[in-house]
Each structure stands twice: as C-alpha cells, then as structure tokens.
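The values are calculated or read from the model by the stated rules, or taken from the named source; none is laboratory data. Every value quoted in this text rests on a predicted model; they were computed, and no experiment measured them. FYI the Cβ positions are ideal-geometry reconstructions off the backbone, even for glycines, and counts take in every protein chain you see. Accessible surface is based on the protein model in full, side chains and every heavy atom, while ligands, DNA and RNA are left aside. Shrake-Rupley method; radii C 1.70, N 1.55, O 1.52, S 1.80 Å.
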2 protein chains.
Amino acid sequence: MKTRFYNGFILTMEKDLSVVQGELWVEQNRVIYAGSPKETTISWDREIDLQGNLLMPGFKNAHTHSAMTFLRSLADDQPLQEWLTESIFPMEEKLTPDDIYHLTKLANLEYFTSGITANFDMYFHPEKVAKAAEDTGMRTVILSGLSDFNQSVAEVEQAYLELNNQEKYTGLVRYEMGFHAEYTSSKKLLEELAFLAHQYQAPIYTHISETQREVAECIQRHGVTPAVFLDQLGLFDFGGGGYHGVHLTAEDIEIFKKRNVSIVLNCSANLKLASGIAPISDFMDAGINIGVGTDGPASNNSLDMFKEMFLVSGLGKVRSGADQVAGDDVLLMATRGSAKAMNLTECDSLASGQLADLVVIDLHKPNMQPLNHITKNIVYSGSKDNVKLTMINGKIVYEDGQFHAGIDAEAIYRKANEIIQRMKA
Amino acid sequence: MKTRFYNGFILTMEKDLSVVQGELWVEQNRVIYAGSPKETTISWDREIDLQGNLLMPGFKNAHTHSAMTFLRSLADDQPLQEWLTESIFPMEEKLTPDDIYHLTKLANLEYFTSGITANFDMYFHPEKVAKAAEDTGMRTVILSGLSDFNQSVAEVEQAYLELNNQEKYTGLVRYEMGFHAEYTSSKKLLEELAFLAHQYQAPIYTHISETQREVAECIQRHGVTPAVFLDQLGLFDFGGGGYHGVHLTAEDIEIFKKRNVSIVLNCSANLKLASGIAPISDFMDAGINIGVGTDGPASNNSLDMFKEMFLVSGLGKVRSGADQVAGDDVLLMATRGSAKAMNLTECDSLASGQLADLVVIDLHKPNMQPLNHITKNIVYSGSKDNVKLTMINGKIVYEDGQFHAGIDAEAIYRKANEIIQRMKA
C-alpha cells in the first residue's frame, strides 16, 4: 500500500515544532518521504489532498486500562481508595478473558477518534489485549498489572517473551514489565520482579504517589516514599516510568531524573478522583521525560488526548503560574514524551524511515481559526472534532468520522452493553 | 417549517434528568410536542430519524466575549492582569466595528459545533454583535461591557431600549445591563449604572472576584470585597450575575443568595490564567443559581461546553472532594442554570410551547458506550464530536459537521485571518 498526502501543512517533529508546507509519502508501514513537493514515478494506491490541513505524528497515550470501558459512568463521585475497593475490584472479578478482548476493542475505537496512535495498557490477560490491538489495528505496548492479587512474576516473564516475539505478532504489539502499585504489592513480590528486571535489563512501570494516602501508608509500612522504596529495591535500575506522580517529593523527582524514569501525567483522573494536582513545572524544571495518559475510562471517564493536553497546561499553570507549562511543551509531551516513555521512538516523528503513525488535524473548523499559532491552537482549543484521519502502521483506521472497513463499531457497542448487563444481572 | 424528530431518546429537562424514548415536533420556532410516539396528520417539511441518538436542550454559554476570536493563541502564558493590560487592551484598540461583526460570526460557528444554542456576550458595539447573531442564526443575549474606558451609561440605556425592541429584531437578540469589573469602573460610573438599573428594574452582570489581586485592590480602594461594594451601591437590587467568582468569600456568597444573583463559572479560563479554582461546592450548598460559560477565546482558548462541564465537575472535586459536584448537577448548570442566569427560561426545556433550541447527541460513538448512564456520559466523557445537530429557534444551524446553507465558513475564516494580519502589520 502506497499513500501520498499532499497540499497541506506538516509538523514533522523531527527537530522542533516548525510547521512546513509539503507532502508526505507512506509505503507499507513506513514514512518514505516528508518534505517539499517533489516529482516521483511511484504509482500510488491513494493520493490524499490535505486541503491545507495539518499532518502530524499521532498522539501516544502513555497510561491506559482499556478494558475498563465497561465501567464508564457506573462508578463515579467517589475518592480513589473507596472507588477502587468498593466499585472497581468487585466488578473486575466478574470479567472473563473474552470480555477483556471486546472491551479493549471499544477503547481502541475511542483512541482512533482522538488521534491516538499508540497506548500503553496495564491490564490482565495480555494475550487478549494483544488480539484486540491486532484485530482493530491499534499499536499497543502491553504492561503487566502484577500485584498480590493478580498475575505472578513467572506469568510476567512468559508474556514478556511471548509478546515481544515479533515473528508471532504483527509488529503492533510490544510488552513491558510493570506492577500495579506499591500498596497492592508485597516486598517479596517486588523483589522477585526486580530480579526479573535485572535478568532482562528491563525498565519497570507502575502507578506511583497518586494520592496522599498512598504516600503516607507507604511511609508507615516502609519508612520511605514509594519512589525511594522502589528505587532501593533496584526496580528502576533500567529506567521505566511512574503514572500520576501527584504527590512526588523533590527527593522522588531526583530519583526519576537519576534513574531515567519517565513521569506520565493523568490529569483528568486526578481531578475526578480528587487526588490533587501534580507539580508539573517541577518535573519540567528537573528535566525528566514527561508523557501524557488518559488513564482508564472508569477514572476520568474518557480517552481524549485533547482534554488531557489542555489540563496538563491548565493545571500546571493554576498550580505554578500562568507563565508555566506552555502549550507547545505540552504538545511535545503528548507525542514525543509519551513515545519515549513507551520506547516507541520509531514512531515519534514524520521522517523517512519512521513508522507511519500519524494524524490529520482539520484546520477548517472555527476552533482552529485564525491560524495565529497552529501548535498552540491544538493544545489550547483543539478537540476530537479536529481529528480528520488517523493512520497507524501505514493503515488508515479512522477517517471523516468512520472506522476502517474491518471494524463493525455497532457490534462492538452491542457487545459492551451485553457484558455490563450480564454483570449487573 | 415543520420538523419531526423520531426514533430516539429525549432528555426534556422538564422536571429532572430522565431520559425517555419518544419523538419531538417543531413548528416554526417552537416545540409543539415532546413525548411518546403518536399519530398525526401534520405534513412535515422534514422528518429526522434520530437512530437511537439523544435529543436534549442546547447548552447555554453564560459568559462570552465572542469577538475575541482574533486573539486565539496570540496572547498566552501570562497572568490575567498583564495579559489584559499588555496583550489584550492594546490589540482591542485596533478593532473596528466591522471587525467585531466578522469575528463574532466566527465564534458563533464554534458555538454551533459544541451544541451551544445561546450565549451571553459582553463586548463593544452591540449592534454589530446583534447583526452577527441574526446573520448566523445564533441566539445571543448582549451585555454592555461598560467601564471607565468604554461606553457610557447613556449608551447602555440606548442599546437596552433598542435591542430589546422585538419588533425590530428577530427574537434571537436580547440585551442586559452590565459593566466590565469593579477594577475598571469608578464609583461614580457604578452609581450612574445603579440608577439606571433601578429605573428599569434591571438585573446587573459583571466580572467579579476573578483574581486574588482584584479582591485585594478593591479592599484597599473601598474597604470591602467587590461583591459587598457592588451590593452597597444597589447594583444587585434586581438580581443579575457574577462571572468567575473564584475568590468569593462566604459573606459574598450570602449576598449572591439574598439578591438572587447567579454565579457563572469559567473554569478553563481560571486555569489558563492561573486565577485559581472556584469554591463550586460552596455555591451549590448555598443554593445559588449556577451557570457555565466558556469566557472569551483569548482566555481559554476555546468555546467548548464539553471541556467546561468536565472542568466544573473535576475542579469542584479536586477542591472539595470526589463525592462533590456530580456530573448530573453539572449538566443542569450548563443548560437550565445558564438559561436562568440569562433570563432564557423559554428555551431551557423540551416541552410544548418552549422555543426550539436543541441539540442531538450522537450516542453511536465509542466515548458514549456502553450506555450505563447517558447524562453522566455527556459530562464526563462527551466531546464536540458527539454533537450531531444543533437547532436554534427552530432552524438547524449545524448538522453532521456542516453549517447551514446561509453560512460561508471559509469566507468567515479568511476574514478573521485578514483582520489579524492587518493588525499585526
């Protein structure tokens, strides 16, 4: 499949946020050219007139629990710990592996509508999440949701080996090692995981310092904050990432910097669960890599990168000052920053040789006008209705409000409703 | 023109947030029936199959400065006072009345895309704002932006009489009395305005307690907070409304309650300008009427009611607890609450005799599935891409991403770009 995009703006993100006029060529799953218009003898399968719209790298959603779509608008208006133990865990016990497959597909469709071309998904039954990714065309980095109650270190190792076997999988799926959180994991479990991480020189990812209570209880249990405790166990010796980080201390931030650990922001979930506002400008000042995630649809309750981007900037400003956390910096977090956190640097810019994960932003909408500053428009006034086209791995998965022909969206919606009705029965 | 909507859900908001299956009939600019399917001999101009989607009253945007579209993404990352005096006021000086007409039209298109069927607009040259409303089909309540630097009380009176003359205007436009803010208005000016308000028994609207600095300076000048000061002048003797209210005190909230003054929340602007987080649950506890506004596109920078609704709930929770400011309450604020603040109670429910200002929410999108709780879905996971159709005063102004035939969107975009280029030259 050979696709040519022409007659538009391109934000390559190769060096900076410059927007140039030009065209972009895709062959199979890779970009083969991005730049000024030029002659070619290539015979195209499709030529897409951008009509002055903007082509840019897709957004990377660096923290998700996709299958939790079934809980959307079912468990709201509760603080995190009660929400988790009283509303979420009991419902999750009723999930079958097949449910996870269908519910993850629903989330993948939602990612497409928001221009999200890859997600970093912590959940159970990784083989089902992988199948959902392949069947919908989503790029997913799967992460173990290891805890005292779910999965074992041996299962993590098995999934790590199996899902990173690219001969078996199509190249849309990768797997990383992670665990749910300090407060759901015994020291013994974490020591076993650290041993595994060292064996494979693997980064480790986890929820960290999301609530004040979590930090206080860790200090009670272990005498130190979660970041210090996990670092002492050697879990961050090969980098990795922490989700939320609302209550990270200055010492914790130092550890993130020293160990090359990314922070992944989940602003809308932090508001909705009243966890607090992360010290985003402190993260920026420390020079640690910052990614952006939506969290799961039970928390926040949508999978919308435009909502998250506005919040990263807005919450950064309301906490630290209106001149902090500028829009352009946030756009980089939601694309390159997330990609780095997910080890997806092969699809974080539109340059020849990169994977073709991209999005067309419709500038012919009132919220993008006038064109004073396109990249700031995207962060400050963009919305999902500006997503005109989403391409993943060279394949158009969403265009003008329609999913690609291989997806029966209505069947996926029906299935999700059936699953939740069965659970409630 | 007679339009029938059938085969969908209807949220009438007549009594509560119940969602029923049924149909809705519109004749000219009024709803003539909403309820269960029934036989009729009416000959319809158009019958719209809702295909299971949701019909609900349109959102009312209770605080705007529409013509400020030209400043979108031009003045960012500054605190409010510098932003206003260094970036906004100098650019506004270059505006012509015709610019205001064209730039307001651009904002009106953006309202349509977000399902906003009425706005409450504080700006200059009310006759131009009125013409923009009529030429695009927007319902606008126009508010004087009186201050020491703009307009006079005599001009306010003239506009009040002229724009509330319904024989001259089509019924889309009304006018209310307001002033910019305490910090831009002398006591003498406010006394004159209070005299006028008493003469016409008119409510008064203003920005109030948006920043800490504003409150501190008012206390320095007058010895009391802005709300106490304005109340002492008799400005709220016939009700009215305050915009922002981030730093209202308990005593101020009492005044709002006693004087029947609405509070209008502008959450995204408060984040982006780092003004703070309003005590939303305190407003609710006090039982004052609460509306929602986007503020102007130079502040926040979009005119998106979905963004605002999520923020009202999220900021309410992060300030006061996860069990506060529930989604359903917020949906009422953005519709009925705003309508009450704007004296638009004729278009706040879908009942026979009401004005036909309504929106069709597309439920056949992944972010609306499963249908666990439709009204919470709208607030917590809804977005502009769920707006399938917007009708104002019985006329469809936006449908499936297209504006009505009387609007040349590209010409409006071109004009907005020309205006800002001329100003920068």
Residue check, B:Asp135 open to solvent by less than 10 Å² (accessible area, probe 1.4 Å) and not in a loop (DSSP other than H, G, I, E, B) = no
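More than 10 Å from chain B (Cβ to nearest Cβ) and either charged (D, E, K, R) or outside any strand (DSSP E or B) (or both): is that true of A:Glu47 in this structure?
Details: more than 10 Å from chain B (Cβ to nearest Cβ): yes; either charged (D, E, K, R) or outside any strand (DSSP E or B) (or both): yes.
Taking the combined requirement at face value, the residue satisfies it.
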Sole miss for A:Gly406 among (1) in contact with a Gly (Cβ under 9 Å, 6 or more places away or on another chain); (2) more than 9 Å from chain B (Cβ to nearest Cβ); (3) crowded, with 24+ Cβ neighbours inside 10 Å is condition (3)
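Assess whether A:Ile32 counts as being open to solvent by 50 Å² or more (accessible area, probe 1.4 Å), more than 29 Å from B:Tyr413 (Cβ to Cβ) and among the hydrophobic types (A, V, I, L, M, F, W, C).
yes
Quick one: which of B:Thr345, B:Thr335 is free of Cβ contacts under 8 Å to residues at least 12 places away in the same chain and hydroxyl-bearing (Ser, Thr, Tyr)?
Values: B:Thr335 fails: free of Cβ contacts under 8 Å to residues at least 12 places away in the same chain.
The conditions single out B:Thr345.
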Only one of A:Ala416, A:Ala339 that is more than 24 Å from B:Leu271 (Cβ to Cβ), part of a helix (DSSP H, G or I), more than 9 Å from every other protein chain (Cβ to nearest Cβ) and open to solvent by less than 10 Å² (accessible area, probe 1.4 Å) | A:Ala339
Which of the residues belonging to the stretch A:289-308 are surrounded by 24 or more Cβ atoms within 10 Å (Cβ to Cβ), more than 18 Å from A:Ser87 (Cα to Cα) and in contact with a strand residue (DSSP E or B) (Cβ under 8 Å, 6 or more places away or on another chain)?
-> A:Ile290, A:Gly291, A:Val292, A:Gly293, A:Thr294, A:Leu303, A:Met305, A:Glu308
Return the only residue of B:Gln354, B:Gln369 being over 16 Å from B:Glu308 (Cα atoms), out of contact with any His (no Cβ under 7 Å at 6 or more places or on another chain) and in contact (Cβ under 8 Å) with a residue 24 or more places away in the chain.
-> B:Gln354
Quickly run through the stretch A:299-311 and pick out the residues that are of a type outside the set (A, V, I, L, M) and either more than 12 Å from every other protein chain (Cβ to nearest Cβ) or in a loop (DSSP other than H, G, I, E, B) (or both).
-> A:Ser299, A:Asn300, A:Asn301, A:Ser302, A:Asp304
A:Asn260 vs. criteria open to solvent by 10 Å² or more (accessible area, probe 1.4 Å) and within 16 Å of the chain's Cα centre (by Cα) = no
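Run down A:Gly296, A:Gly276, A:Gly314 and say which single residue is assigned to a loop (DSSP other than H, G, I, E, B), within 12 Å of another protein chain (Cβ to nearest Cβ) and over 16 Å from the mean Cα position of the chain (by Cα).
A:Gly276
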How many residues are part of a loop (DSSP other than H, G, I, E, B) and surrounded by fewer than 18 Cβ atoms within 10 Å (Cβ to Cβ) if we restrict to the stretch A:147-197?
-> 12
Out of the stretch B:157-178, which residues are farther than 17 Å from B:His65 by Cβ and within 16 Å of the chain's Cα centre (by Cα)?
-> B:Leu172, B:Arg174
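Those residues that are assigned to a helix (DSSP H, G or I), within 18 Å of the chain's Cα centre (by Cα) and not basic (Lys, Arg), I need them from the stretch B:379-406; list them, please. Step through it out loud before you land on a result.
In the first step, residues of the stretch B:379-406 are kept if they are assigned to a helix (DSSP H, G or I); the result is B:379-381, B:384-386.
Next, only the ones that are within 18 Å of the chain's Cα centre (by Cα) stay: B:379, B:384.
Result: B:Val379, single match.
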So which residues in the stretch A:224-236 are touching a helix residue (DSSP H, G or I) at 6+ places or on another chain (Cβ under 8 Å) and more than 20 Å from A:Leu344 (Cα to Cα)?
-> A:Val224, A:Thr225, A:Pro226, A:Ala227, A:Val228, A:Phe229, A:Leu230, A:Asp231, A:Leu233, A:Gly234, A:Leu235
For A:Ala334, work out the one condition from (1) part of a helix (DSSP H, G or I); (2) open to solvent by 20 Å² or more (accessible area, probe 1.4 Å); (3) more than 10 Å from every other protein chain (Cβ to nearest Cβ) it doesn't fulfil.
-> (2)
Cβ pairs under 8 Å, 6+ apart, first in the stretch A:220-234 and over 14 Å from A:Glu251 (Cα atoms), second open to solvent by 60 Å² or more (accessible area, probe 1.4 Å) = A:His222/A:Lys187; A:Leu233/A:Lys187; A:Leu233/A:Glu191; A:Gly234/A:His198
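If we scan the stretch B:205-212, do we find a residue that is among the aromatic types (Phe, Trp, Tyr), touching a strand residue (DSSP E or B) at 6+ places or on another chain (Cβ under 8 Å) and either touching a residue at least 40 places away in the same chain (Cβ under 8 Å) or crowded, with 22+ Cβ neighbours inside 10 Å (or both)?
Filtering the stretch B:205-212 down to residues among the aromatic types (Phe, Trp, Tyr) leaves B:205.
Filter once more, keeping what is touching a strand residue (DSSP E or B) at 6+ places or on another chain (Cβ under 8 Å): B:205.
Of the ones still in play, those that are also either touching a residue at least 40 places away in the same chain (Cβ under 8 Å) or crowded, with 22+ Cβ neighbours inside 10 Å (or both) are B:205.
Yes, the stretch B:205-212 contains at least one residue that is among the aromatic types (Phe, Trp, Tyr), touching a strand residue (DSSP E or B) at 6+ places or on another chain (Cβ under 8 Å) and either touching a residue at least 40 places away in the same chain (Cβ under 8 Å) or crowded, with 22+ Cβ neighbours inside 10 Å (or both).
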Assess whether B:Ala75 counts as being of a type outside the set (S, T, N, Q) and at pLDDT below 95.
-> yes
Within the stretch B:163-171, can one find any residue that is in contact (Cβ under 8 Å) with a residue 24 or more places away in the chain and under 30 Å from B:Ser186 (Cβ atoms)?
-> yes
Per-region count, the stretch A:69-122, residues of a type in the set (A, V, I, L, M), within 22 Å of A:Ile263 (Cβ to Cβ), touching a residue at least 60 places away in the same chain (Cβ under 8 Å) and part of a helix (DSSP H, G or I) = 1
